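Inspection log for the structure reproduced underneath, given as structure tokens.
The values are calculated or read from the model by the stated rules, or taken from the named source; none is laboratory data. Not measured: the values here are computed from a predicted model. Cβ: placed from backbone, ideal geometry, glycine included. Neighbour counts: every protein chain shown. These accessible areas exclude ligands, DNA and RNA; they are computed on the full protein's heavy atoms, side chains included. Shrake-Rupley method; radii C 1.70, N 1.55, O 1.52, S 1.80 Å.
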Amino acid sequence: MSFVLPDPFPPPWASEWEEDAEWGLAATLNLNGVKQTFRWIQPGTFLMGSPRDELGRYSDETQHKVTLSRGYWLADTACTQALWQAVMGDNPSRFKVYPANPVEQVSWNDVQTFFARLDALVPGLDAGLPSEAQWENACRAGTTTPFSFGENITSEQVNYDGNFPYAGGKKGLYRACTVPVKSLPPNPWGLYEMHGNVREWCADWFGNYPQGPQVDPSGPPEGVERVLRGGSWINDGQYCRAAARCRNEPGFRGNTIGFRLAPGQRPGPAGQEAARRADLQAQAERAGQAAGGDAGGREGKSKKG
């Protein structure tokens, strides 16, 4: 497939842009001195899910061919606490060590509120979450192994619980917290910490994969739980695999959960109305917490790992 340029390039929201010989196009958003770089991910076809002989796989990882017919922008890191604070004016995270640590303890609903406010500050950004297929494609970065780094990982590559390595690998460091973004090596497409550190919300409702090859899949039309991907600082190695799936209710917050921005993904009026409702719900929840204290729901592990 020939190289497909984004239209337009540079995008109107970018303050800086470049073409890297190794990683391709990049564009950077600068919001009052807080920067977020995005990588342009080419359209293409990949195998989503895991082969039957992959150690640690679950039955919901049925391998199937997926074609993404359009390129897309994706943040090269999880959203930082600094960027969240610049947009929302608060920092809900547990691990407030550095502003460059990923924001966590944000629900899927909270993230929709963040997007609505960010879009008001940066017209034309149309911020959203990647689909589950877009996320896995970017995580794999052209590889077919359990990890973009190969058949296994080390604690020098991934922030996970190194006491529980994957597939008989050597034990490593358990940091017991998040690390600043870009602390660890990027994958072959220049994306950082897609395995471990924090799980990342995706746009999709969680459900079984459809049968056969798919083109631009976006998940079930409705559901109860939203998709989470990537594993986190608290997880065993097997939960950080590229194919590993997780999910939770859209109102759930945990100190293992963050997200990664995808410009150009913002839905139309129906999605904007959903964001408005999510904003009102988040405000009501925060008001209740202020009156009666934190009601919990911030434990480290989300469903399935």
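In the set 149, 164, which member is closer than 28 Å to residue 66 by Cα, among the aromatic types (Phe, Trp, Tyr) and open to solvent by 60 Å² or more (accessible area, probe 1.4 Å)? Explain how you work it out, then say what you get.
Working: 164 fails: closer than 28 Å to residue 66 by Cα.
Selected residue: 149, the only one of 149, 164 that is closer than 28 Å to residue 66 by Cα, among the aromatic types (Phe, Trp, Tyr) and open to solvent by 60 Å² or more (accessible area, probe 1.4 Å).
Within the bounds of the range 168-176, is there any residue that is in contact (Cβ under 8 Å) with a residue 40 or more places away in the chain and buried (at least 20 other Cβ atoms within 10 Å of the Cβ)?
From the range 168-176, those in contact (Cβ under 8 Å) with a residue 40 or more places away in the chain are 169, 175-176; that's our starting set.
In the following step, the residues that additionally are buried (at least 20 other Cβ atoms within 10 Å of the Cβ) were identified as none.
The answer is no, given that none of the residues of the range 168-176 is in contact (Cβ under 8 Å) with a residue 40 or more places away in the chain and buried (at least 20 other Cβ atoms within 10 Å of the Cβ).
Which of the numbered conditions does residue 200 fail, given that it passes all the others? Conditions: (1) open to solvent by less than 60 Å² (accessible area, probe 1.4 Å); (2) outside any strand (DSSP E or B); (3) not aliphatic (A, V, I, L, M).
Of (1) open to solvent by less than 60 Å² (accessible area, probe 1.4 Å); (2) outside any strand (DSSP E or B); (3) not aliphatic (A, V, I, L, M), only one is false for residue 200: (2).
So which residues in the range 239-262 are farther than 23 Å from residue 166 by Cα, open to solvent by 10 Å² or more (accessible area, probe 1.4 Å) and touching a strand residue (DSSP E or B) at 6+ places or on another chain (Cβ under 8 Å)?
Residues satisfying the conditions are 249, 250.
Working carefully through the options 155, 183, find the one that is without any contact (Cβ under 8 Å) to a residue 60 or more places away in the chain and open to solvent by less than 10 Å² (accessible area, probe 1.4 Å).
On the way: 183 fails: open to solvent by less than 10 Å² (accessible area, probe 1.4 Å).
That would be 155, the only listed residue that is without any contact (Cβ under 8 Å) to a residue 60 or more places away in the chain and open to solvent by less than 10 Å² (accessible area, probe 1.4 Å).
I'm trying to understand the selection: among the residues of the range 163-219, which are small (Gly, Ala, Ser), closer than 23 Å to residue 254 by Cα and over 18 Å from the mean Cα position of the chain (by Cα)?
176
From 67, 37, 80, grab the single residue that is touching a Leu at 6+ places or on another chain (Cβ under 9 Å), hydroxyl-bearing (Ser, Thr, Tyr), under 22 Å from residue 191 (Cα atoms) and modelled with pLDDT of 95 or more. Don't jump to the end; show me each part of the working.
Working: 67 fails: touching a Leu at 6+ places or on another chain (Cβ under 9 Å); 80 fails: touching a Leu at 6+ places or on another chain (Cβ under 9 Å).
That would be 37, the only listed residue that is touching a Leu at 6+ places or on another chain (Cβ under 9 Å), hydroxyl-bearing (Ser, Thr, Tyr), under 22 Å from residue 191 (Cα atoms) and modelled with pLDDT of 95 or more.
Is there any pair linking a residue in the range 218-235 that is open to solvent by less than 30 Å² (accessible area, probe 1.4 Å) to one that is basic (Lys, Arg) and assigned to a loop (DSSP other than H, G, I, E, B), with Cβ under 8 Å and at least six apart or on different chains, and which?
Close Cβ pairs (under 8 Å, with a partner that is basic (Lys, Arg) and assigned to a loop (DSSP other than H, G, I, E, B)) amount to 231/241; 233/175; 235/301.
I'm checking my understanding of the structure. Among residues of the range 54-90 that are touching a residue at least 40 places away in the same chain (Cβ under 8 Å), out of contact with any Ser or Thr (no Cβ under 8 Å at 6 or more places or on another chain) and hydroxyl-bearing (Ser, Thr, Tyr), which one is nearest to residue 199 (Cα to Cα)?
Filtering the range 54-90 for residues that are touching a residue at least 40 places away in the same chain (Cβ under 8 Å), out of contact with any Ser or Thr (no Cβ under 8 Å at 6 or more places or on another chain) and hydroxyl-bearing (Ser, Thr, Tyr), the one nearest to residue 199 (Cα to Cα) comes out as 80.
Out of the residues in the range 220-268 that are more than 30 Å from residue 175 (Cα to Cα) and of a type in the set (Gly, Ala, Ser), which is farthest from the chain's Cα centre (by Cα)?
268
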